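Everything below concerns the one structure shown next.
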Amino acid sequence: MPESPLTQGTGAAPGTAAAEVFARDFTGADVTGLRHDLRRHAEAAGLRGDDLDDFVAAVNELVTNAVRHGGGRGSLRLTLDVDTLIADVSDRGEGFAGEVPVLAGPPPADMPGGRGILLARRLTDTLLISDGPDGVTVTVTRCLSAPQAALHQ
């Protein structure tokens, strides 16, 4: 997918579809540049500070997983739905052997790898894994505004 122009404003109006902020296909050679582009677009959409750093780190883990385990390539789509930034990372790999992993905790310390999805889950508001015959899509979200309950504490 070619890069889309940055969406202006604060996102889609209530009752309308989410607005695409950024989209790009990638390979392993694109990971660093993609991370920088993602950061720029997520910041322009309204993420700041630690939330921005965490979101970029999480999506970078998913992009790296797509390259390592999903056939060496994938696609990233970033959308803004009112005050929620949504990243979809998709690949065309074979998917998970058996069931989608349950994130009970990290793998044993002596086991290499296996921490990307767990890290992405801990650094974002939500994580959803869709595994199908055409590959895997992992979706993560981050709310741009603090929940009201947190503001009153």
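FYI, it's all coordinate maths here, none of it is from the lab. Bear in mind the structure is a predicted one, so any value in this text is a computation, not a measurement. Cβ coordinates were reconstructed from backbone atoms using ideal geometry, including for glycine residues, and neighbour counts include every protein chain displayed.
Using a ≥ b ≥ c from the Cα gyration tensor of region 49-96 (square roots of the eigenvalues), is it rounded, prolate or oblate, where a/c under 1.5 gives rounded and otherwise the larger of a/b and b/c decides, a/b for prolate?
Working: a/c = 3.38, a/b = 1.78, b/c = 1.90.
Note, shape of region 49-96 comes out oblate.
To the nearest 0.05, how large is the calculated FRET efficiency for V31 and F96 if R₀ is 22 Å and r is the Cβ-Cβ distance? Walk me through the numbers on the way to the answer.
On the way: r = 22 Å, r/R0 = 0.98.
Given R0 = 22 Å and the Cβ-Cβ separation, E is 0.55.
For F22, the amide hydrogen comes within under 5 Å of the amide hydrogens of L78, counting only partners 5 or more places away or on other chains and with H modelled in the peptide plane.
Phi-derived couplings, Karplus 6.51 cos²θ - 1.76 cosθ + 1.60 at θ = phi - 60°, listed residue by residue for region 86-93: 10, 10, 10, 10, 10, 9, 10, x Hz, with x used for Gly and Pro. In this rough spin-label picture, where each label sits 7 Å from Cα along the Cβ direction, the D125-D53 distance is 2.1 nm.
Shown is the FRET efficiency for R40 and D134, computed with R0 = 25 Å from the Cβ-Cβ distance and rounded to the nearest 0.05: 0.25.
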